[in-house]
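S.K.: Would you mind keeping the following structure in view while I ask a few things?
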Amino acid sequence: MKTRDEGQRSLCPHLPQVSAYHDGALEPSAAQALHEHMTRCADCAGELARLRRLSGLLADVPVPAMRPGAMVRMHRAVAATRQRVVVMRLARVLSAAAATILVVCTAWLWVSAQSGQPESWGISSWEAVAVGSIDDTDAEALLAQWIVEDLSRENAHE
């Protein structure tokens, strides 16, 4: 079995199981096999001794009593965290929905722009000129038409 040199970690593959062995979390057959292994492996035996010393030190530390309002504060903090999680999930879902709508509408507008003149979309002549989505040759005619329509509306109001 390989042992560790000064400043080097153990190369024993069973070392991660020692903590579970110490806690009694291994199956009886696995615990027995590791126990037999530790009689031959100084690294694993040393790790078990270290864990036992640490457990002994922690067992001697008195557990302070919790103040009466501490539990209430903890419950409020957990509830606030849960509420933030719900809000963040909702924001994520709404953001995804908005992005989907944006992509679909952009694609629809792009396809519509490729398919024909602005009049086929129900856009008035002044909007087409203002946006500039028509050819320059048609722009002057549409602008003139818009001016005539606008002037005729003003005269109709008098």
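The values are calculated or read from the model by the stated rules, or taken from the named source; none is laboratory data. Every value quoted in this text rests on a predicted model; they were computed, and no experiment measured them. Neighbour counts are summed over all protein chains in view; Cβ atoms, including those assigned to glycine, are modelled from backbone coordinates with ideal geometry.
S.K.: Do we find a residue being in a helix (DSSP H, G or I) and of a type in the set (Lys, Arg) anywhere in region 9-17?
M.R.: In the first step, residues of region 9-17 are kept if they are in a helix (DSSP H, G or I); the result is 15-17.
With the extra rule that they be of a type in the set (Lys, Arg), the set shrinks to none.
No: zero hits.
S.K.: Turning to a different aspect of this structure: When region 18-63 is examined, which residues are found to be of a type outside the set (A, V, I, L, M), more than 37 Å from the chain's Cα centre (by Cα) and outside any helix (DSSP H, G or I)?
M.R.: 27, 39, 40, 41, 62
S.K.: Related question: Considering only residues that are exposed (fewer than 11 other Cβ atoms within 10 Å of the Cβ) and aromatic (Phe, Trp, Tyr), look in region 99-158 and name the one that is modelled with the lowest pLDDT.
M.R.: Per the stated criteria, the residue is 110.
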